């Protein structure tokens, strides 16, 4: 009897770790990182502003003068992802691991690709260093002045190097 319990437990454990998908209710860490149970998941192909990163957005325009103010764009990015997921289950298709041993994944709320949604709405940029997948979405957000593209910001990777 104990052999069968150990065998069943081992098969379930093996299947969960080596599955190509992880499904569950995520905890949003920031605009490009989720935790589902004990799994740390990095949204592949995108780079969101860091939680302490400040960006600038316009708040007043007088004739030819544009006045901008700072805001924590990384916190906005996280908030928008939390609101989009809205306590629903998320399915993440695993694509590998990064150097920090996080799972790289494309994550979905139903049929909505969350990676793509974050970039298309200007809450993250296409992470060209690792993927060309979301460049069209970034161009759309930039042209429409959505999210961080409404003002000015430092690319998240450059911001990390300076801070």
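The numbers here are math on the coordinates, done by the rules we state, and not lab data. Just so it is clear, the model here is predicted, and its values are computed rather than measured. Here the Cβ positions follow ideal geometry from the backbone for every residue, glycine too, while neighbour counts run over all protein chains shown.
Per-residue ellipticity at 222 nm for the chain, helices alone: DSSP H runs ≥ 4 residues times -39500 (n - 2.57), over residue total, nearest 500 deg cm²/dmol? Please list the in-between numbers first.
On the way: 5 runs with 54 residues, N = 163.
For the chain, the value works out to -10000 deg cm²/dmol.
By how many nm would the segment from residue 150 to residue 129 grow when fully extended, if each residue of separation counts as 0.36 nm and the alpha-carbon distance is taken off?
Numbers: separation 21, 0.36 × 21 = 7.56 nm, distance 2.33 nm.
Using 0.36 nm per residue and subtracting the Cα-Cα distance, I get 5.2 nm.
Multiply the residue gap between residue 89 and residue 51 by 0.36 nm, knock off their C-alpha separation, and tell me the result in nm, one decimal place. Working shown, then result.
Working: separation 38, 0.36 × 38 = 13.68 nm, distance 2.37 nm.
Fully extending the segment from residue 89 to residue 51 adds 11.3 nm.
Looking at the chain as a GNM with Cα springs under 10 Å, which of 40, 97, 111 has the largest mean-square fluctuation?
Of the options given, 111 has the highest mean-square fluctuation.
Rank by packing, highest mean first: peptides 129-137, 47-55, 63-71, 101-109, with packing defined as the count of other Cβ atoms within 10 Å averaged across residues.
Answer by packing, highest mean first, reads 47-55, 101-109, 129-137, 63-71.
For the residue pair residue 161 and residue 79, what label-to-label distance in nm results when each label sits 7 Å from Cα along the Cα-to-beta-carbon direction?
Between residue 161 and residue 79, the label points sit 3.0 nm apart.
Go through (1) 1.10; (2) 0.98; (3) 0.95 and flag the label whose value is the computed Rg/Rh (Cα atoms, Kirkwood Rh) for this structure.
Entry (1).
Calculate, in nm to one decimal, what residue 66 and residue 140 gain on full extension: separation in residues at 0.36 nm each, minus their alpha carbon distance. Could you put the intermediate results ahead of the total?
Working: separation 74, 0.36 × 74 = 26.64 nm, distance 2.31 nm.
Separation in residues times 0.36 nm, less the Cα-Cα distance, equals 24.3 nm.
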